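> One structure coming up, written as structure tokens, with questions to follow.
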Amino acid sequence: MVHVDTRKATEFFAAKLNFTTGPIELDDMIRKEENINIIDVRRPEDYANGHIPGAINLSKDEWTTFFGLSKGRVNIIYCYSEACHLAASAAKYFAEHDFPVMELEGGFEEWHRAGLPVEE
């Protein structure tokens, strides 16, 4: 029989809800003009081929510049897909430098799969 520690599960899912969002929720935040920045940490050429409307490209080699990030807004970070850890790495790095962050679960792949708008 599988044993699940419900206390640890509660802590895990509370943290997940505090630090991640999904594509539908992000689209709703954009439409409501909430106090967010959207940061795309993919390669510049992938960003140029399509990105979430209003997203700022900040590829890994530019993270130390903190270009486009704001300490007065929630910075929603995304990369390629659910399997990509680039966004989580960026979010950790930015949070270590006192930027409020969340990660978009599923990245650009899930955004696109949901049929949400894309800018080029």
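Read-outs: derived from the displayed coordinates by stated rules, not from any lab. The shown structure was predicted, so the numbers you read here are calculated from the model rather than taken from an experiment. Cβ placement follows ideal geometry from the backbone for every residue including glycine, while neighbour counts extend to all protein chains displayed.
> Above 13 angstrom, tally the Cα pairs of region 29-84 and express them as a % of all pairs, no decimals.
60 percent
> Next question, about the same structure. Tell me which residues come under 5 Å, amide H to amide H, from THR20 once H is placed; ignore anything under 5 positions away on its chain.
Under 5 Å from the amide H of THR20 lie the amide H atoms of GLU103, each far enough along the sequence or on another chain.
> Which log10 I(q)/I(0) values, to two decimals, does the chain give at q = 0.22 Å⁻¹ under the Debye formula with one point per Cα?
The computed values of log10 I(q)/I(0) come out as -1.29.
> While we're looking at this one, here's another question. Relative to the first principal axis of the alpha-carbon coordinates of the chain, what is the inclination of helix 86-96, with its axis defined by its Cα atoms, in degrees from 0 to 90 and to the nearest 10?
Rounded to the nearest ten degrees, it is 80.
> Let me ask something else about it. Take VAL2 and ASN18, extend 7 Å from each Cα along the Cα→Cβ direction, and tell me the distance between the two endpoints in nm.
Here the answer is 2.6 nm between the modelled labels.
> While we're looking at this one, here's another question. For every helix of n ≥ 4 consecutive DSSP H residues, a contribution of -39,500 (n - 2.57) applies; sum these over the chain, divide by its total residues, and give [θ] at 222 nm rounded to the nearest 500 deg cm²/dmol.
When only DSSP H runs of four or more count, the value is -11000 deg cm²/dmol.
> Something else about it: Calculate I(q)/I(0) for region 53-120 by the Debye formula, one identical point scatterer on each C-alpha and no solvent, and give its log10 at q = 0.22 Å⁻¹ to two decimals.
-0.97
> Right, next: How large is the direction-averaged shadow of the alpha-carbon convex hull of region 76-115, in nm²?
Answer in nm², one decimal: 2.4.
> Still on this structure: Quick one: compute the contact order of region 29-110, relative version, from alpha carbon pairs under 8 angstrom and 6+ residues apart, as a percent.
About 30 percent, as a whole number.
> Straight-line reach from LYS92: which lysines have Cα under 16 Å away, leaving out those fewer than 8 places along the same chain?
LYS16, LYS60, LYS71
> Taking K and R as +1 and D and E as -1, what net charge do the other residues with C-beta under 9 Å from the C-beta of LEU86 add up to?
Overall, the nearby charge balance is +2.
> To continue, here is another question. Taking the Cα centre of region 1-46 as origin and charging only Cβ (+1 Lys, Arg; -1 Asp, Glu), how large is the dipole, in debye to the nearest 20?
About 260 debye.
> Net charge near TRP63, counting Lys/Arg +1 and Asp/Glu -1 over other residues with Cβ under 12 Å of its Cβ?
Around TRP63, the charge tally is -1.
> Once you charge only the Cβ atoms, +1 for Lys and Arg and -1 for Asp and Glu, what is the size of the charge dipole of the chain about its Cα centre, to the nearest 20 debye?
Using Cβ point charges on Lys, Arg, Asp and Glu, the chain gives about 340 debye.
> Also, quick follow-up: In debye, nearest 20, what is the charge dipole magnitude of region 50-103 about its Cα centre with +1 on Lys and Arg Cβ and -1 on Asp and Glu Cβ, if you could check?
Roughly 120 debye, rounded to the nearest 20.
> Find how much the distance from ALA83 to GLU96 grows on full extension, using 0.36 nm per residue of separation minus their present alpha carbon separation; answer in nm with one decimal.
So the extension gain works out to 2.4 nm.
> Could you identify which residue out of GLY106, GLY22, GLY72 has the top mean-square fluctuation in a GNM of the chain using Cα springs shorter than 10 Å?
GLY72
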